[in-house]
Amino acid sequence: MTTEPVGRLLARLEGVRRVGDGRWTAKSPLRPRQRTGSLSIRELADGRVLLHDFAGASVDEILRAVGLELVDLYPPRVADDRRLARERRPFTVGEAVRALRGELYVVWILLADLGDGAPIDDATRQRARLARRRCEALIEALAHE
């Protein structure tokens, strides 16, 4: 038995042939005179549908030809789906550490200049403020990991 997204797609195609669990071939809707199926369809365990046209048509072209949209290849989202609750961090811990290291170099150079009695111009002062804001944001992000 097929789930909703793949069932909706298969119903709109011709020459559909099951070739394995969750796998089908069909004639491309863009080439109705072909003899065999150049379109490969695969249903993933989570209900998503993958398409590949060996004749080179894009997924968008195929879906347009059968009156569907990309969203139709995905199962409906369930409100209590735990995957929806997970928040994607804007960067990984490794990326945050590398960014923090770069900002620390700026701060280190600034402190070295101050220690040597070098005058601080407006551009350097602005860059120091930017480094401070970036460090604060990175430290906050790392605190939540």
Residues in the range 118-125: is at least one at pLDDT 80 or above, in a loop (DSSP other than H, G, I, E, B), among the hydrophobic types (A, V, I, L, M, F, W, C) and closer than 30 Å to Leu142 by Cβ?
-> yes
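Scan Glu140, Glu87 and give me the residue that is modelled with pLDDT under 85, within 25 Å of the chain's Cα centre (by Cα), part of a loop (DSSP other than H, G, I, E, B) and charged (D, E, K, R). Walk me through how you get there before you give the answer.
Working: Glu140 fails: part of a loop (DSSP other than H, G, I, E, B).
The match here is Glu87.
Those residues that are open to solvent by less than 30 Å² (accessible area, probe 1.4 Å) and under 24 Å from the mean Cα position of the chain (by Cα), I need them from the range 1-12; list them, please. Working first, answer last.
Applying the first criterion (open to solvent by less than 30 Å² (accessible area, probe 1.4 Å)) to the range 1-12 yields 5-7, 9-10.
Correct list: Pro5, Val6, Leu9.
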Return the pairs, sorted by first residue and then second, in which the second residue is among the acidic types (Asp, Glu) and open to solvent by less than 70 Å² (accessible area, probe 1.4 Å), the first residue lies in the range 121-143 and is within 21 Å of Glu95 (Cβ to Cβ), the beta carbons are less than 7 Å apart, and the residues are 6+ apart or on different chains.
-> Ala131/Glu103; Arg134/Glu103; Cys135/Glu103
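Evaluate the following for Arg64: is it over 21 Å from the mean Cα position of the chain (by Cα), farther than 30 Å from Leu30 by Cβ and modelled with pLDDT of 85 or more? Break it down stepwise before answering.
Values: over 21 Å from the mean Cα position of the chain (by Cα): yes; farther than 30 Å from Leu30 by Cβ: no; modelled with pLDDT of 85 or more: yes.
The answer is no for Arg64.
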The lone exception for Asp113 - which of (1) modelled with pLDDT of 85 or more; (2) more than 30 Å from Arg134 (Cβ to Cβ); (3) open to solvent by 50 Å² or more (accessible area, probe 1.4 Å); (4) among the charged types (D, E, K, R) it fails = (2)
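Here are Gly15, Gly22, Gly37, Gly47: which of them is out of contact with any strand residue (DSSP E or B) (no Cβ under 9 Å at 6 or more places or on another chain), without any contact (Cβ under 8 Å) to a residue 60 or more places away in the chain, open to solvent by less than 60 Å² (accessible area, probe 1.4 Å) and not acidic (Asp, Glu)?
Working: Gly15 fails: out of contact with any strand residue (DSSP E or B) (no Cβ under 9 Å at 6 or more places or on another chain); Gly22 fails: out of contact with any strand residue (DSSP E or B) (no Cβ under 9 Å at 6 or more places or on another chain); Gly37 fails: out of contact with any strand residue (DSSP E or B) (no Cβ under 9 Å at 6 or more places or on another chain).
Answer to the check: Gly47.
The values are calculated or read from the model by the stated rules, or taken from the named source; none is laboratory data. Computed from a predicted model, the values in this text were never measured in an experiment. Because the Cβ atoms are built from the backbone with ideal geometry, glycine has one as well, and the counts that use them run over all protein chains shown. Quick note on the areas: whole protein, heavy atoms, side chains included, nothing else; ligands and nucleic acids left out. Shrake-Rupley method; radii C 1.70, N 1.55, O 1.52, S 1.80 Å.
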